[in-house]
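Accompanying notes for the structure given below.
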Amino acid sequence: MYGLPENTDLSFFTGKVLRQVCTGVNEVILHFDGDISLTIQTDIGHRLGDVFAALYKLPIPATPMLVRLLHCSIIRTGIKPPGTLILEFSNGEAIEIYDACSEYESYQITYNGKIIVV
């Protein structure tokens, strides 16, 4: 939509554990420790270490991969312009959340009573 600025502070994600994956027809919501949530309404990339493993266009096919991340903590975050959010997990896997649509919201991050809409 409007991208995610490269200087966005995502440090609140570091060390947080994925506790719940909620899947709907049009979105998937990831709930982490510390009342942090990530609502995804866009494509999700999946990496196994340095290998790009899959691109998911819909939430339901992505769910088995996301469920494998339950109880894993985030060890690193990143931003790839113009708006891709990268979350690296303690099991060596990573997900990439893309800002894939200029007309609609792609994802929302909620934390500490704040919201980031991309």
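What the table below lists for this structure:
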read-out: Among the candidates 4, 30, 18, residue that is within 23 Å of residue 91 (Cβ to Cβ), in contact (Cβ under 8 Å) with a residue 40 or more places away in the chain and surrounded by 13 or more Cβ atoms within 10 Å (Cβ to Cβ); value: 18
read-out: In the stretch 79-118, residue surrounded by the most Cβ atoms within 10 Å (Cβ to Cβ) [restricted to those that are outside any loop (DSSP other than H, G, I, E, B), without any contact (Cβ under 8 Å) to a residue 60 or more places away in the chain and not hydrophobic (A, V, I, L, M, F, W, C)]; value: 88
read-out: Of all residues in the stretch 58-77 being in contact with a Ser or Thr (Cβ under 9 Å, 6 or more places away or on another chain) and free of Cβ contacts under 8 Å to residues at least 40 places away in the same chain, the one that is surrounded by the fewest Cβ atoms within 10 Å (Cβ to Cβ); value: 60
read-out: Among the residues listed as 84, 23, the single one being β-branched (Val, Ile, Thr) and out of contact with any Gly (no Cβ under 9 Å at 6 or more places or on another chain); value: 23
read-out: Odd one out for residue 52 among (1) loosely packed, with under 15 Cβ neighbours inside 10 Å; (2) closer than 19 Å to residue 29 by Cβ; (3) among the aromatic types (Phe, Trp, Tyr); value: (2)
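Laboratory data are not the source of any read-out in this text; all were calculated from the coordinates shown. Because the structure is a prediction, the values reported are computed rather than measured. Heads up, the Cβs are rebuilt from the backbone with ideal geometry, glycines too, and the neighbour counts pull from every protein chain shown.
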